[in-house]
Amino acid sequence: MTQPFSGAADGTSVTHEVVAHVVVAYEPPVSLPAELRYDRTDPYAVCLSLGGTPTGTVDWVFARSLLSEGLSRPVGVGDVLVIPRHRCHRHSVRIVVRSTAGAAVLDIAASAVTAFLEQTDMVVPPGAEGFHIDLDRVVAELMAGSE
């Protein structure tokens, strides 16, 4: 199951519109509009934004490395798990998101996730994230919180 995606990159951020297929027990999957977002000001993180939910948009922020590693092996502990394509779903990546309110199982086209990650790698190459963190700002925020 391939799905088209559209995206934008401006050199500092990447946004890809994708379709997330929500897996529902004993029912056909429900398709929701979604976005994968990345910004070099938060170089270790990606955001998966799900639209069309009863409560509006829901954002999940997690490690870019989790999404990347999840293309080839199951990864994640806690709120976000990423499971690579397998023989039943060869063209999709499964992302499981959990919270105190419940859990959702999402399938997103592996080609869309791969294209998104390739774009993020052009903004900040893997391993270079530390060069894009404003340590002065981080320290100032920590100091402001301790007063």
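What follows draws every value from the coordinates through simple rules; no lab data is involved. These numbers come from a predicted model, not from an experiment. Positions of Cβ are backbone-derived with ideal geometry, glycine not excepted, and every protein chain shown enters the neighbour counts.
Each stretch of four or more DSSP H residues adds -39500 (n - 2.57); spread over every residue of the chain, this sum gives -6500 deg cm²/dmol at 222 nm. Here the Karplus curve 6.51 cos²θ - 1.76 cosθ + 1.60, taken at θ = phi - 60°, turns the phi angles of region 122-128 into couplings of 6, 6, 9, x, x, x, 9 Hz, with x standing for Gly and Pro.
List every residue whose amide H lies under 5 Å from the amide H of A45, counting only residues 5 or more places away in sequence or on a different chain, with H placed 1.01 Å from N in the peptide plane. Those qualifying (amide H under 5 Å, at least 5 residues apart or on another chain) are R64. Each of I83, I133, I108 has some number of other Cβ atoms within 10 Å of its Cβ, and from fewest to most they run I133, I83, I108. Ranked for footprinting exposure by Cβ neighbours inside 10 Å, fewest first, S92, S31 give S31, S92. What FRET efficiency comes out for the pair D59/H91, r = Cβ-Cβ distance, R0 = 25 Å, nearest 0.05? Efficiency, rounded to the nearest 0.05: 0.50. Phi angles of region 26-33 translate, via the Karplus equation with coefficients 6.51, -1.76, 1.60 and θ = phi - 60°, into HN-Hα couplings of 6, 9, x, x, 9, 8, 10, x Hz per residue; Gly and Pro are given as x. For the chain, the fraction of C-alpha pairs more than 28 angstrom apart is 22%. Across region 99-111, coupling constants 3J(HN,Hα) worked out from phi with the 6.51/-1.76/1.60 Karplus curve, θ = phi - 60°, read 8, 5, 7, x, 9, 9, 10, 10, 10, 10, 3, 4, 5 Hz, and Gly and Pro carry x. Angle check, please: helix 135-145 long axis (alpha carbons) against the longest principal axis of the chain (alpha carbons), in degrees 0 to 90, nearest 10. Compared with the principal axis, the helix lies near 90 degrees. The GNM of the chain, with springs linking C-alpha atoms under 10 angstrom apart, assigns the highest mean-square fluctuation among E35, E27, E17 to E27. In region 6-145, Cα pairs under 8 Å separated by at least six residues give a relative contact order of 21 percent.
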